[in-house]
Each structure stands twice: as structure tokens, then as C-alpha cells.
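Below is a structure I'd like to ask you about.
The values are calculated or read from the model by the stated rules, or taken from the named source; none is laboratory data. Quick caveat: nothing in here was measured; it's all calculated off a predicted structure. Quick reminder, even Gly has a Cβ in these numbers, built from the backbone with ideal geometry, and neighbours come from all protein chains shown. Side chains are part of the model used for accessible areas, which takes the heavy atoms of the whole protein and leaves out ligands, DNA and RNA. Shrake-Rupley method; radii C 1.70, N 1.55, O 1.52, S 1.80 Å.
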Amino acid sequence: VLRLLADHLLTPEGWLSPGLLEVGPDGRITRIASETHPEARRLAGFVVPGVPNLHSHAFQRALAGRAEHRGQSQTDSFWTWREAMYALALRVSPEQVRAIAAQLYVECLEAGMTGVGEFHYLHHAPDGGRYAEPAEMGLQLLEAAKDAGLPITLLPALYVAGGFGRPPGERQRRFTCRGPDELLGLVATLRRAAAEHPEAKVGLAPHSLRAAPPEALLPAVAGLLADDPEARIHVHAAEQPQEVEDCLAHLKARPVEWLVDTAGADHRWCLVHATHTTPAETAALAKSGAVAGLCLTTEANLGDGLFDAPAFLAAGGRFGVGSDSHVTVSAAEELRLLEYGQRLVHRQRNLLAGEGPERHVGRHLYAAAARGGAQALGQPAGALQVGLRADLVVLDPEHPRLLGHGPETALDAFVFGDAGGAVSEVYVAGRRVVAGGRHLRRDEVRARFAAAARALY
Ligand SMILES: [Zn+2]
């Protein structure tokens, strides 16, 4: 039995000071108590659950900072960014994807993000032909997660159309499958590989309603769930007003409305970018039990718009956060922007607060994103409680941004004070992967990433 003794331990019932955590050989928490133990390893500081990063397109990490200039048109938008993304997607190799993803996954752990939902649509060779092993790219992502020691829920994407009622374009050739059966073949291969890796799971991601029409989406989801009834399904929901209009024209329903009413979105689903919703859709999404996948930095970077978080949270909705295009990788920054967007719009403060100790916005959003992220990934994590995996983060109370803070305000300081550097240690399944703020394999992973980044640009 591994024993960890935290100065302060955040449990669903509140803080324990001190908090003793016992971890079994399978990495699950077997006991929690407010007591000391002479042989326990001390964790100095505030010990909190890790926040999973529920939405990632790993290869886009190489694009960070490369789409921040105005193009030919006077009004840049999501769609011009997408052209820059395609230019990278069309030339990156499987080895480069592994190197980029490993760097990203190390950065996730160093930021206190203890899991990733990898929304994977870059399936095929640059000419659109199939690799000798058709699941080659997905297998590289599983290897990258293993390189970093990061729990992964790999979500191969179903991408069959280039838009509502349109065939895929030439520049989408690496993404598109012939239909649900081809994608389910990839799922089967990736499941066999993931079975070797105790923290890996495989789900499926209908890319969006524009890329995965009902006649492909519905059988793919049914096929996935036939073999694994608790598998996870992620979908880009309503990122751009244009796709909402197109969806209304083709499916006679708005995207979130269609996903809840017709596709039956429930606790196994994650609707990423449920940005453009009516109040009725927001309420229906909250009631469905699906997770809203919020990617604040990317949504801000791309100029997408603001999710109606106050109404959604008031209706009991569940959410998690993702760094998506990875312009930055920080749970604290995603949560800060979630609250700040609302402050700027409503000209009020502390809008996304809970009750009791969770009137503290930083603590409330942090704990909710940890739980919601774990639900979206279908991983046994998201809180420090018996039966869940010991995925935890130690915040250093000697970090200048946390100095003088006690448990009551530590997470407010972490979220609002830009105290990302306060992550001193990170454990996954009771294994230490970050010490002194550095991932144990940081240097070797960075060297491979450097080679890939230089070759690509
Ligand atoms: Zn995305």
C-alpha cells in the first residue's frame, strides 16, 4: 500500500488537514482519513484532484502562435484559421504526431491536467491513401500518452462529409472515412491496443453534424455501444453560427437540439463547443446529463462566442474544459476565462459560484471541471475519494502566488492568480510523473518535439 500524507487534501466532503491517502496496487484510492502515518510520503501543500483536459487535437500544438496575423481578407475568422490548420494537417507524419503529442501531454501534466480526450481525425496518409496499418495515427497517439504517462480516452473521429449535403473536399482527404464501418474498424484495432495500457480507453467522435450526417452518425454510435455500452461519444456541437443555420436548413433542428432529441445524448456524451444555443437547448443539455466541453482559450482565440454558462450551471449542467487547439495549456486559464467572459458581458462579479464553501468561484469551477472532465473521458477519476484513481496535483504553498493562502482560498488563487507555476508534483494512479514542477521525461520528450517542430516549419 502506498501512503501519501497531504498537508491539505481536498475531498468531496471538504478539506482534510492533514489528509492521509492510501493507494492500492491498481492505483485506486483505498482509504482516506484525517490522520498521520509515520511511513507516509509527505505531499507539502494543497493536494487536489487533477483536471482532465477533455478536448484535444494534439497535432495542432505545433500551430500555436502561427495563426495570429491577418490574412488576405479584411475579416479573419474561424474559417481562415481552419485553412492554416489544414496546411499543417496535410504534411505531418506519424512520427511527428507522436513527438508533438508527447510534448503536449507532458505540458498537460505539468499544468495539473491528468487526462486527455484526444479527438482524433487525422487518420490517413498525406495523399489520402490508407497506411499499411490503417489505425497507424491513432496508435501513435496511444504511444505518446504512454510516453508521458497520461491517461487517454482516444476518440477516433467519424468524418464523411465536407459540410451539410456536400462531399468531402480534397483538403480533407486525411480525415475522411468511407462510412461508419471503416471507422468502427479503426475503433476495434485501437481498443485492442488500448487494452495493453491500464489508463487508456477508446470511444468515438462524430466530428460534427456538418461532417457526420445522421445516416453515418447513428449507426457508428450504435456500433460503438454494442461492444462497449459505457463508451464515450464526443462531438463538435455548435461552434459557429453558420453551422447552426446550415443544420436548421438540413436537419430541421438546431445542433444541440438534434443531438439531445434525436441522437439521445446522455451521460456518455460530451458536446464540445455548445456555444450557440437557445435557452431551451441549454436547459435540455443540462437535463440530458451530457458534459458540455468548454474550450475557452480556443473559443476566444477563434472568435467563436460565449457559452451560456450561468443558465447551464443553474440548471445543474455538467462541464469540463479542454485546451483544444492548445494555444495555451492551462486548466487555470480555461476556468478563469469561463468566469471572466461572463463578468465582461454582465458587468458583475462571481457569477459562477456555488453554495457553501463553493461560493468560492475558483474552488467551485475547479472541482466541477475535475468531475465533469472525468465523466466525459469515462475515466475513474475526477475527485479524491475511495474507489477512484489516485490522479492528483500538489500545489506549492511557497509559490509567491499562494503565499499566505489557506485551503479556503488556495484554488481561487490558483485559478485567478495565474499560479500555474504552483503545480509542484503530479501523480497518476499513485505514480509520480511531475516533481519540482518538471515532468520526469521533460528533456527527452522536448528533444523529439524540437526535431519535429523544426522539420515542419
Ligand atoms: Zn475541436
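Which strands (runs of 3 or more DSSP E) does the stretch 14-66 wholly contain that include 3 or more residues that are open to solvent by 10 Å² or more (accessible area, probe 1.4 Å) and more than 18 Å from Phe414 (Cβ to Cβ)? Steps first, please.
Values: elements: 14-16, 19-23, 29-33, 41-49, 53-56.
Result: 29-33.
Sticking with this structure for a sec: Ala253: under 24 Å from Gly163 (Cα atoms), more than 16 Å from the ligand (Cβ to nearest atom), assigned to a loop (DSSP other than H, G, I, E, B) and in contact with a Phe, Trp or Tyr (Cβ under 9 Å, 6 or more places away or on another chain), yes or no? Write out each step before concluding.
Details: under 24 Å from Gly163 (Cα atoms): yes; more than 16 Å from the ligand (Cβ to nearest atom): yes; assigned to a loop (DSSP other than H, G, I, E, B): yes; in contact with a Phe, Trp or Tyr (Cβ under 9 Å, 6 or more places away or on another chain): no.
No.
Quick test of your reading of the structure: Cys295 fulfils all but one of (1) open to solvent by less than 10 Å² (accessible area, probe 1.4 Å); (2) away from the ligand (no atom under 16 Å from the Cβ); (3) closer than 21 Å to Gly112 by Cα. Name the failing condition by number.
(2)
With the structure loaded, tell me whether Thr80 is more than 16 Å from the ligand (Cβ to nearest atom), within 30 Å of Gly163 (Cβ to Cβ) and either of a type outside the set (Gly, Ala, Ser) or touching a helix residue (DSSP H, G or I) at 6+ places or on another chain (Cβ under 7 Å) (or both) or whether it fails that test. Steps first, answer last, please.
Details: more than 16 Å from the ligand (Cβ to nearest atom): yes; within 30 Å of Gly163 (Cβ to Cβ): yes; either of a type outside the set (Gly, Ala, Ser) or touching a helix residue (DSSP H, G or I) at 6+ places or on another chain (Cβ under 7 Å) (or both): yes.
In short, yes.
Moving on to the next point. Tell me whether the stretch 180-200 contains one or more residues that are crowded, with 21+ Cβ neighbours inside 10 Å and basic (Lys, Arg).
no
If you scan the stretch 318-340, which residues turn out to be open to solvent by less than 50 Å² (accessible area, probe 1.4 Å), closer than 15 Å to Ala274 by Cα and more than 16 Å from the ligand (Cβ to nearest atom)?
Passing the criteria: only Leu338.
Is it true that Thr114 is in contact with an Asp or Glu (Cβ under 7 Å, 6 or more places away or on another chain), in a loop (DSSP other than H, G, I, E, B) and on the phi < 0 side of the Ramachandran plot? Spell out the reasoning first.
Numbers: in contact with an Asp or Glu (Cβ under 7 Å, 6 or more places away or on another chain): yes; in a loop (DSSP other than H, G, I, E, B): yes; on the phi < 0 side of the Ramachandran plot: yes.
In short, yes.
Also, I was wondering about something else. Say whether the condition of being over 22 Å from the mean Cα position of the chain (by Cα), outside any strand (DSSP E or B), closer than 23 Å to Trp258 by Cα and not hydrophobic (A, V, I, L, M, F, W, C) is met by at least one residue in the stretch 183-198.
No, the stretch 183-198 contains no residue that is over 22 Å from the mean Cα position of the chain (by Cα), outside any strand (DSSP E or B), closer than 23 Å to Trp258 by Cα and not hydrophobic (A, V, I, L, M, F, W, C).
Considering only the stretch 160-175, state which residues are open to solvent by 10 Å² or more (accessible area, probe 1.4 Å) and either at positive phi or touching a Leu at 6+ places or on another chain (Cβ under 9 Å) (or both).
Those that are open to solvent by 10 Å² or more (accessible area, probe 1.4 Å) and either at positive phi or touching a Leu at 6+ places or on another chain (Cβ under 9 Å) (or both): Val160, Phe164, Gly165, Arg171, Arg173.
Right, next: Pull up the stretch 266-280, narrow it to residues that are more than 16 Å from the ligand (Cβ to nearest atom) and under 21 Å from Asp324 (Cβ atoms), then point me to the one that is most open to solvent (accessible area, probe 1.4 Å).
Taking the stretch 266-280 first, the residues more than 16 Å from the ligand (Cβ to nearest atom) are 266-268, 277-280.
In the following step, the residues that additionally are under 21 Å from Asp324 (Cβ atoms) were identified as 268, 277.
On the way: Arg268: 51, Thr277: 34 Å².
Among those residues, the one meeting the criterion is Arg268.
Filter the stretch 298-317 for residues that are within 16 Å of the ligand (Cβ to nearest atom), in a helix (DSSP H, G or I) and open to solvent by less than 40 Å² (accessible area, probe 1.4 Å) and give the result. Even if it seems obvious, please write down each step before you answer.
Filtering the stretch 298-317 down to residues within 16 Å of the ligand (Cβ to nearest atom) leaves 298-305, 307.
Imposing the further condition that a residue be in a helix (DSSP H, G or I) reduces the set to 298-301.
Listed by number, the residues that qualify are Thr298, Glu299.
Okay, next question. Take Glu355 and tell me if it is over 23 Å from Leu4 (Cβ atoms), at pLDDT 95 or above and among the acidic types (Asp, Glu). Before you say what the answer is, go through the steps one by one.
On the way: over 23 Å from Leu4 (Cβ atoms): yes; at pLDDT 95 or above: no; among the acidic types (Asp, Glu): yes.
Judged against the criteria, Glu355 is not a match.
Go through (1) under 25 Å from Ala309 (Cβ atoms); (2) within 16 Å of the ligand (Cβ to nearest atom) for Ala211 and report which single condition fails.
(1)
Residue by residue, here is whether (1) part of a loop (DSSP other than H, G, I, E, B); (2) open to solvent by 10 Å² or more (accessible area, probe 1.4 Å) holds:
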{"residue": "Gln72", "(1), (2)": "yes, yes"}
{"residue": "Ala84", "(1), (2)": "no, yes"}
{"residue": "Ala87", "(1), (2)": "no, yes"}
{"residue": "Ile100", "(1), (2)": "no, no"}
{"residue": "His123", "(1), (2)": "yes, no"}
{"residue": "Glu143", "(1), (2)": "no, yes"}
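Run Ala263 past the list (1) open to solvent by 50 Å² or more (accessible area, probe 1.4 Å); (2) farther than 26 Å from Val327 by Cβ and report the number of the one that doesn't hold.
Tallying (1) open to solvent by 50 Å² or more (accessible area, probe 1.4 Å); (2) farther than 26 Å from Val327 by Cβ, Ala263 fails exactly one: (1).
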